[in-house]
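Participant: Sharing a structure here in structure tokens format.
The values are calculated or read from the model by the stated rules, or taken from the named source; none is laboratory data. Predicted model only: the values in this text are computed from it and were never measured. Neighbour counts are summed over all protein chains in view; Cβ atoms, including those assigned to glycine, are modelled from backbone coordinates with ideal geometry.
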Amino acid sequence: MFRLSGEPGISTKADEKLKKHRLIRSFRLRIFLIIMAVGLISLAIMRHSLLYDGSRVTVDNMTSEMLGRMRILSDRISEGAFSDESKSNIIRSDMQTIGDIYESRIVVTDSDLRVVYDSYGTAVGEFLGAKAALNCLRHGNPVSFPAAGESVQLAVPVKVTDAENHSQVGGVIFAHLSTEGVSILAEEKGRRSSIIFLLMGVFLTAFAVFVSVLLVRPFERITKEIRQVASFEDEDFVESGYMETEEIAEAFNEMKSRMKMLDDSRKEFVGNVSHELKTPMASIKVLADSINMQQGAPIEMYQDFMHDISDEIDRENKIISDLLALVNMDKGASALNIENKDVNIMLEGIIKRLGPLAKKNEVDIVFESVRQVNADVDEMKLGSAFMNLIENGIKYNKRPGVVRVKLDADHRFFTVEISDTGIGIPEEERLHIFERFYRVDKSHSREIGGTGLGLSIARRTILLHKGTIKVESIVDEGTVFTVRIPVVYIADESTSNKKKNNGRRKA
């Protein structure tokens with residue numbers, strides 16, 4: 001039986017999966033795991049060093065001490081002490097003592113490896129076949145290596161001097177050193193270290209939890225502050241936990257300031273657009289009502305009224321066109337229709353169309369063409385951008401005033417410089433003039449007309465042409481816009497591929 005999406009329990013599995021995914025990606029969990037990993041690895045290395053490395057060092061020390069004592073015994077036997085009964089008893093007593101101390105069996109053989117002394121007293125007269133003894137007799141050097149079980153075989157040569165005063169190996173002192181005591185001690189240490197390791201693990205877990213919570217706390221404070229922001233009017237919050245959290249707080253405050261500015265611009269834009277859209281409609285309504293009230297009026301009056309209605313419709317259409325252009329740019333629907341065009345003719349046409357507006361505002365438009373320029377452009381979009389810039393120069397100019405349009409080019413770029421003798425733009429406003437909905441002279445903006453979108457649309461169009469636009473201005477002296485655009489347009493690879501794909505779909 002199917003459940004509706006609004007019924008309880010329908011998203012339980014999805015919620016659990018989301019919670020697990022968020023837990024895995026948790027910064028706090030990662031800090032905890034890092035501390036635990038570093039701590040446990042360190043404890044394991046220390047435990048291994050204490051147990052295994054310590055046991056090896058102990059065995060090496062015992063072996064070294066045992067070999068030293070065996071060398072002393074070998075030297076005394078080489079001096080003939082073993083043939084002297086009184087001295088021989090002393091040596092046997094020493095060997096017995098050494099054997100008891102190190103829990104080892106000591107055997108002395110002759111040159112044929114026949115046992116002449118055994119601390120256990122069971123192998124006298126027998127042949128010794130231990131590998132360490134054979135190697136020692138053969139090479140004449142002390143030998144030690146691990147034997148089967150927990151023991152080490154040691155052998156030291158007994159050198160004698162023959163009649164010709166030549167030294168040779170006359171026998172071997174062999175010892176079977178037991179390391180069982182070291183192993184038992186290591187096991188005891190292992191048990192103790194396991195308990196300590198467990199306790200340290202518990203302490204490390206608690207420490208990791210505490211540190212992970214402590215380190216993440218500033219981020220939680222930032223998250224809480226951000227979630228409590230009810231409006232852009234709220235005061236900026238300060239976080240002094242870490243340098244990184246301070247930077248996050250500063251970045252958020254900056255973003256909030258920009259969002260506030262954008263929100264204010266949006267509200268102002270909505271008010272402006274509402275007024276701009278209502279004003280032509282109101283004028284059209286008044287004119288239409290006037291026509292209806294003038295029964296039998298002459299044809300000239302009707303023509304004047306219709307002319308005014310047509311102007312108001314054009315004004316309404318301009319506002320709507322700007323809004324549609326902005327929406328299209330936001331949607332990425334700003335594909336250019338690139339053709340090779342005469343830029344001189346394009347600018348002359350724009351200046352001619354703006355002639356009546358310039359005459360009305362007592363502004364002279366001067367066009368200076370340094371050279372003939374042909375370039376790859378979208379004539380309609382780029383022409384609209386230049387018209388916006390020149391029209392602004394006319395509207396925000398003084399009476400009488402001048403707008404100069406200068407066209408120049410090199411082998412790569414063409415440049416259009418539009419300067420006016422108008423009111424200028426304050427320095428603090430200059431950074432925002434290309435922002436959408438932004439207007440510099442807010443007190444006269446409704447009288448002058450426009451929606452605050454012209455410069456934003458112009459800049460976007462110029463950027464689509466891979467060009468740049470710069471502005472320089474001095475208050476009460478004038479403004480200069482400099483537009484620089486490549487003569488040859490090179491489309492992006494992604495744009496070309498997109499056009500190809502669209503063409504294939506249509507085919």
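Participant: Within the range 174-182, identify whether any single residue is surrounded by 12 or more Cβ atoms within 10 Å (Cβ to Cβ), closer than 30 Å to VAL152 by Cα and modelled with pLDDT of 85 or more, and answer yes or no.
Facilitator: Looking only at the range 174-182, we keep the residues that are surrounded by 12 or more Cβ atoms within 10 Å (Cβ to Cβ), and these are 174-179, 181-182.
Next, only the ones that are closer than 30 Å to VAL152 by Cα stay: 174-179, 181-182.
When the remaining residues are screened for being modelled with pLDDT of 85 or more, the result is 174-175.
There is at least one residue in the range 174-182 that is surrounded by 12 or more Cβ atoms within 10 Å (Cβ to Cβ), closer than 30 Å to VAL152 by Cα and modelled with pLDDT of 85 or more.
Participant: Right, next: Could you say which residue among VAL416, VAL471, VAL440 is under 42 Å from the mean Cα position of the chain (by Cα) and at pLDDT 95 or above? If you could, list the steps in order and put the result at the bottom.
Facilitator: Working: VAL471 fails: at pLDDT 95 or above; VAL440 fails: at pLDDT 95 or above.
Only one candidate qualifies: VAL416.
Participant: Restricting to the range 398-415, name every residue that is under 15 Å from ILE469 (Cβ atoms) and either part of a loop (DSSP other than H, G, I, E, B) or out of contact with any Asp or Glu (no Cβ under 8 Å at 6 or more places or on another chain) (or both).
Facilitator: Within the range 398-415, just PHE413 meets the criteria.
Participant: Here's another thing I want to ask about it. Restricting the search to the range 113-129, which residues are at positive phi and touching a helix residue (DSSP H, G or I) at 6+ places or on another chain (Cβ under 7 Å)?
Facilitator: In the first step, residues of the range 113-129 are kept if they are at positive phi; the result is 113, 121, 125.
If the condition is that a residue be at positive phi and touching a helix residue (DSSP H, G or I) at 6+ places or on another chain (Cβ under 7 Å), then LEU113 is the only one that fits.
Participant: Let me ask something else. Residues of the range 116-160 being under 18 Å from ILE98 (Cα atoms) and acidic (Asp, Glu), which ones?
Facilitator: ASP118, the sole residue that qualifies.
Participant: Go through the range 140-154 and give me each residue that's surrounded by fewer than 13 Cβ atoms within 10 Å (Cβ to Cβ) and modelled with pLDDT of 85 or more.
Facilitator: ASN141
Participant: Just to be sure before I move on: is MET62 modelled with pLDDT of 80 or more, surrounded by 11 or more Cβ atoms within 10 Å (Cβ to Cβ) and either hydroxyl-bearing (Ser, Thr, Tyr) or farther than 30 Å from ARG192 by Cβ (or both) in the structure I sent? Working first, answer last.
Facilitator: On the way: modelled with pLDDT of 80 or more: yes; surrounded by 11 or more Cβ atoms within 10 Å (Cβ to Cβ): yes; either hydroxyl-bearing (Ser, Thr, Tyr) or farther than 30 Å from ARG192 by Cβ (or both): no.
No: the conditions fail for MET62.
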